[in-house]
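> I have a structure I would like to understand better, so I am pasting it below and will then ask my questions one at a time.
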Amino acid sequence: MIPARTLFAIPGLPLAYDLAAWPFVTMAKLEIATGLQTLPTGSRILDVGVGTGVVARYLAKRFSESAMTGVDISSQMLARAKALDGGIEYIEGDARQLPVDGPYDAVVATYLLRHVPPEDAPQVFGELARVLAPGGRLVLVDLQLPRPGPRQLLGVWSLYSPEELVELAQASSLSYQKSQYFPLSILMVFQKRA
């Protein structure tokens with residue numbers, strides 16, 4: 001599997017990523033907003049794997065009274081996100097050891113897990129839970145292909161079943177709330193136990 005840091009260091013990738021991911025991310029942002037619709041005013045939201053900031057900018061507008069922070073491993077992706085701004089704090093960092101402290105009322109991870117090798121998934125879930133406030137929500141969107149299917153796609157992306165995601169979340173003190181399928185993707189909402 002190609003490490004995300006290496007993959008996203010390819011020159012010109014941020015713009016190409018935005019263009020290729022546009023249909024998926026457009027659907028995902030609407031679903032994510034639904035998963036966060038009951039957030040109180042003034043909430044803190046963290047987008048892990050923020051990429052070029054497409055989802056973070058949408059959420060910053062949709063929840064304008066909330067504080068939005070984005071973390072990504074790629075300096076190139078963050079440079080594009082910062083150029084497009086949106087009043088968001090962007091921080092370079094690895095999901096296996098997030099460079100932020102909580103608590104956040106909501107953590108969003110859009111198409112992050114496909115870049116996480118299975119051996120690192122428990123650590124990533126542990127970090128997502130660590131920065132989440134008790135009672136806070138984790139909203140995940142990632143690739144979901146019909147099962148049975150490959151564990152990896154194109155040697156680049158890891159694929160997790162919904163059952164695996166629930167197990168990883170539960171091992172990190174997160175309770176499953178709901179899921180929703182949309183083309184080639186799944187949205188899952190978890191809540192941190194109080």
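> Accessible area per residue for the range 65-194 in Å², computed with a 1.4 Å probe and the full protein assembly in place, what is it?
Numbers: 5680 Å² over 130 residues.
That works out to 44 Å² per residue.
> While we're here: Can you sort Arg114, Arg57 by 1.4 Å-probe accessible area, starting with the largest?
Arg57, Arg114
> Quick check: at a probe of 1.4 Å, how many percent of the accessible area of the range 65-194 sits on carbon and sulfur atoms?
53 percent
> When a/c is below 1.5 the answer is rounded, else prolate if a/b is larger than b/c, else oblate, so apply that to the range 24-141 with a ≥ b ≥ c taken from the square roots of the Cα gyration tensor eigenvalues.
Details: a/c = 1.40, a/b = 1.11, b/c = 1.25.
Rounded, since a/c falls under 1.5.
> Continuing with the same structure: Using 19 Å as the cut-off for backbone N distance, which residues of the range 162-188 belong to the label zone defined by a point 7 Å from the Cα of Arg62 along Cα→Cβ?
Under cut-off, by backbone N: 177-188.
> Using the per-residue mean of other Cβ atoms lying within 10 Å as a proxy for protection, in what order, highest first, do the peptides 185-191, 87-93 fall?
Details: 185-191: 21.9, 87-93: 15.6.
Ranking, from highest mean packing down: 185-191, 87-93.
The values are calculated or read from the model by the stated rules, or taken from the named source; none is laboratory data. Please read all numbers here as calculations on a predicted model, not as lab measurements. Heads up, the Cβs are rebuilt from the backbone with ideal geometry, glycines too, and the neighbour counts pull from every protein chain shown. For accessibility, only protein heavy atoms count, side chains too; no ligands or nucleic acids. Shrake-Rupley method; radii C 1.70, N 1.55, O 1.52, S 1.80 Å.
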